[in-house]
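Here the structure is laid out as structure tokens; the discussion comes afterwards.
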Amino acid sequence: MSIDVLGYAAHTPTDDLSPYHFARREPCPDDVVIEILYCGVCHSDLHSIRNDWGNAHYPLVPGHEIIGRVLAVGTAVTRFKAGDNVGVGCMVDSCQHCDACEQGLEQYCEKGTYTYNTPDRHNEGFTFGGYSEKIVVSDKFVLKIPEGLDLAGAAPLLCAGITTWSPLRHWKAGKNSKVAVVGLGGLGHMALKLGKALGSHITLFTRSPGKEQDARDLGADRIVLSTDAAQMAAVKGQFDLIIDTVPYVHDINPYIPTLSLNGTLVLVGYLGGLEPFLNTVPLILGRKSVAGSLIGGIAETQEMLDFCGEHNITSDIEVIKMQDINAAYGRMLKSDVKYRFVIDMASLKDDK
Ligand code: NAP
Ligand code: ZN
């Protein structure tokens, strides 16, 4: 039997999210049925409901930073049992046999299924995300949450954490690396924490003068106000890796000269054409790269969670009720979040 759940959905790009009843699939033998305890609020949720990427299907239930407790497992599931604390991130399915899947890079599977707003392989229609009471997910896409981690604070690890961990690991950030992060929001603050814990020297580029002390507390060794040309010039040729988390179109040209020889600027935020154009001169003269990166694979996500368990790393969060989500989006657009909203799903009972 399918499972009736209450969630919050957007019905158009401009309306507020509101309560919405829908059904989760009848569990398959390899499925895990999860009661959602917390769900982080990612800027991608806002891009999706506003149809910034032109692919929104309504009603749209966002949410891909899910922490929950296992309610039941199918007969083929051996890794989880009722009562376990688990996580679900941005993906709930992939083809399992393409090159990307075979390398454990399910996020690059061309037939992959995102947690919301993607055609559902099991049902007609599109997947519904974590702003809801329960979710049913194949065990391959369910993560173990290390014991001792604060559950609400762990929710953003499932997207903000892995999206910054993956480029740090791919570009081998370590003790002798100089890493910079552009933008201090949800992704940015996780990049500071994870980069610092990997032993790198960390710089924050921010356009917001008021964030200096927070950035230092989060692990930044240096803060550069990106609107100040003298501060930008002072870090010329410094960074092996820059992780750019800015969600909207912006000029990346000022950051390229701050890369070292062979350095790489990785875009993880904005999706689309760059404006103004990208000047190739400093790229060619310094064998520098501009790259992109998408979340991380399932094994890499578990690696990141285990690392966070060992180092007691969670997100800095503000817990909100489901009913406060529309106000939270307004604050997110003003960069007024320290540094991730997390929805307490118990608040959904107020809509019953
Ligand atoms: P967020 O919490 O809103 O943080 C974004 C930060 O970027 C802001 O705090 C601000 O930092 C800076 N910023 C915002 N607007 C800006 C603008 N117009 N110009 C310059 N700087 C600006 O967002 P988030 O949740 O971290 O997400 C960041 C982006 O990553 C979003 O576009 C999201 O969709 C994307 N994302 C990508 C992936 C992936 O797999 N690649 C995964 C998750 C999210 P300062 O005030 O410090 O400048
Ligand atoms: Zn996200």
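The values are calculated or read from the model by the stated rules, or taken from the named source; none is laboratory data. Since the model is a prediction, treat every value here as computed from it, not as a measurement. A quick note on method: Cβ atoms are made from the backbone with ideal geometry, for glycine too, and the neighbour counts reach across all protein chains shown. Ligands, DNA and RNA are stripped out before the accessible areas are found, and what is left, the full protein with its side chains, is counted by its heavy atoms. Shrake-Rupley method; radii C 1.70, N 1.55, O 1.52, S 1.80 Å.
Among the residues of the range 167-183, the one identified as within 8 Å of ligand 1 (Cβ to nearest atom) and open to solvent by less than 10 Å² (accessible area, probe 1.4 Å) is Val182.
On the basis of being buried (at least 22 other Cβ atoms within 10 Å of the Cβ) and either under 15 Å from Gly297 (Cβ atoms) or among the charged types (D, E, K, R) (or both), does Glu110 make the cut? Against the criterion (buried (at least 22 other Cβ atoms within 10 Å of the Cβ) and either under 15 Å from Gly297 (Cβ atoms) or among the charged types (D, E, K, R) (or both)), Glu110 does not qualify.
Select from the range 194-231 the residues that are within 13 Å of ligand 1 (Cβ to nearest atom) and basic (Lys, Arg) and list them in ascending order. Correct list: Arg207, Lys211. Counting only strands (runs of 3 or more DSSP E) wholly contained in the range 41-129, the ones carrying 2 or more residues that are away from ligand 1 (no atom under 16 Å from the Cβ) occupy 66-73, 85-88.
Look at the range 230-258: where a residue is farther than 14 Å from Gly183 by Cα and a partner is of a type in the set (Phe, Trp, Tyr) and open to solvent by 60 Å² or more (accessible area, probe 1.4 Å), sitting 6+ places away or on another chain with Cβ atoms under 8 Å, you get Asp240/Trp171; Leu241/Trp171.
Of all residues in the range 49-82, those satisfying the criterion of being within 27 Å of Asp30 (Cβ to Cβ) and within 16 Å of ligand 2 (Cβ to nearest atom) are Leu60, Val61, Pro62, Gly63, His64, Glu65, Ile66, Ile67. Taking every residue in the range 308-321 that is on the phi > 0 side of the Ramachandran plot and pairing it with any residue that is part of a loop (DSSP other than H, G, I, E, B) and open to solvent by 60 Å² or more (accessible area, probe 1.4 Å), at least 6 positions away or on another chain, the pairs with Cβ-Cβ distances below 8 Å are Asn312/Gly148. With respect to Lys236, is the statement that it is over 21 Å from the mean Cα position of the chain (by Cα) and either crowded, with 17+ Cβ neighbours inside 10 Å or more than 11 Å from ligand 1 (Cβ to nearest atom) (or both) true? Against the criterion (over 21 Å from the mean Cα position of the chain (by Cα) and either crowded, with 17+ Cβ neighbours inside 10 Å or more than 11 Å from ligand 1 (Cβ to nearest atom) (or both)), Lys236 qualifies. Leu333: in contact with a helix residue (DSSP H, G or I) (Cβ under 9 Å, 6 or more places away or on another chain) and in the same structural domain as Gly199 (by TED's automatic domain parsing), yes or no? So Leu333 fails the test.
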